[in-house]
1. Report yes if some residue within segment 210-230 is outside any strand (DSSP E or B), modelled with pLDDT under 85 and more than 22 Å from residue 34 (Cα to Cα); otherwise report no.
2. Just the residues that are within 15 Å of residue 101 (Cβ to Cβ) and in contact (Cβ under 8 Å) with a residue 24 or more places away in the chain, please, taken from segment 53-79.
3. Out of the residues in segment 144-160 that are assigned to a helix (DSSP H, G or I) and either in contact with a helix residue (DSSP H, G or I) (Cβ under 9 Å, 6 or more places away or on another chain) or at pLDDT 95 or above (or both), which is nearest to residue 104 (Cα to Cα)?
4. Here are 79, 44, 97: which of them is modelled with pLDDT under 80, buried (at least 20 other Cβ atoms within 10 Å of the Cβ) and touching a helix residue (DSSP H, G or I) at 6+ places or on another chain (Cβ under 7 Å)?
5. Kindly indicate whether residue 219 is surrounded by fewer than 19 Cβ atoms within 10 Å (Cβ to Cβ) and in contact with a strand residue (DSSP E or B) (Cβ under 8 Å, 6 or more places away or on another chain).
6. Hey, can you tell me all the residues within segment 49-74 that are modelled with pLDDT of 90 or more and in a helix (DSSP H, G or I)?
7. Can you tell me which residues in segment 1-38 are in a strand (DSSP E or B) and without any contact (Cβ under 8 Å) to a residue 60 or more places away in the chain?
8. Given 187, 179, which one is in contact (Cβ under 8 Å) with a residue 24 or more places away in the chain, within 30 Å of residue 107 (Cβ to Cβ) and in contact with a strand residue (DSSP E or B) (Cβ under 8 Å, 6 or more places away or on another chain)?
């Protein structure tokens, strides 16, 4: 089994400044591992942190405290602290923060491991119905402050125990033809808000076939506050036989 990327689209919080989009995603060469990250806007260069996390996860998804420590070292080496401005140094000291959503198809080709740190969201859709979502089931869960991966070691105290990652993961049984949505929080909140009683995905999202169409959809919903004003990323992945 592998993923086929049916849709990969991202709309920045401010469309006039697309380079400020702090969402990132990556995949391995076999398309059996997909990673998505949402950098926190209030932190120092979370875009770089999000990009680093997804690239590392796509190449090595064995998530452990050591994995986090190595990521911190790699991030720190990307900056010369002395070259930063005074305000930049203060921001660097406060740290960068990001979510991490990882999807890995197991060797048995029926298990899909879903890892989520933070408030990005994965949904498993079969025959047009959402049969599982993680880590949230209802939109109100997005109102809580999420736990994020930080570039400051003292902020990652939860992860000194590898059992944290066990609690942050689920295993789904998947079949060829299943559809997986991996989305950042603004899109996840909207999807869960739009689910009908039979758990079907909104027709407006199902009809989206390109990044331009997704951009039009998001921009059409922002004035009426149907969707939160934030970087908005969606991956639509089809599970298929190799």
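1. Filtering segment 210-230 for residues outside any strand (DSSP E or B) gives 210-230.
Retained after the next criterion (residues that are modelled with pLDDT under 85): none.
There is no residue in segment 210-230 that is outside any strand (DSSP E or B), modelled with pLDDT under 85 and more than 22 Å from residue 34 (Cα to Cα).
2. Here is the first cut: in segment 53-79, the ones within 15 Å of residue 101 (Cβ to Cβ) are 53-58, 61, 63.
Matches in segment 53-79: 53, 54, 55, 57, 58, 61, 63.
3. Just the residues of segment 144-160 that are assigned to a helix (DSSP H, G or I), to begin with: 153-160.
With either in contact with a helix residue (DSSP H, G or I) (Cβ under 9 Å, 6 or more places away or on another chain) or at pLDDT 95 or above (or both) added as a condition, the list becomes 153, 156, 158-160.
Values: 153: 26, 156: 23, 158: 23, 159: 20, 160: 23 Å.
Checked segment 144-160; the qualifying residue nearest to residue 104 (Cα to Cα) is 159.
4. On the way: 79 fails: buried (at least 20 other Cβ atoms within 10 Å of the Cβ); 97 fails: modelled with pLDDT under 80.
Going through 79, 44, 97 in turn, just one is modelled with pLDDT under 80, buried (at least 20 other Cβ atoms within 10 Å of the Cβ) and touching a helix residue (DSSP H, G or I) at 6+ places or on another chain (Cβ under 7 Å): 44.
5. Details: surrounded by fewer than 19 Cβ atoms within 10 Å (Cβ to Cβ): yes; in contact with a strand residue (DSSP E or B) (Cβ under 8 Å, 6 or more places away or on another chain): yes.
Criteria met by residue 219.
6. 49, 50, 51, 52, 53, 54, 55, 56, 57, 58, 59
7. Looking only at segment 1-38, we keep the residues that are in a strand (DSSP E or B), and these are 2-11, 23-27, 33-38.
Residues satisfying the conditions are 24, 26, 27.
8. Details: 187 fails: within 30 Å of residue 107 (Cβ to Cβ).
Residue meeting the stated conditions: 179.
The values are calculated or read from the model by the stated rules, or taken from the named source; none is laboratory data. Bear in mind the structure is a predicted one, so any value in this text is a computation, not a measurement. Glycine also receives a Cβ, built like all others from the backbone with ideal geometry; neighbour counts cover every protein chain displayed.
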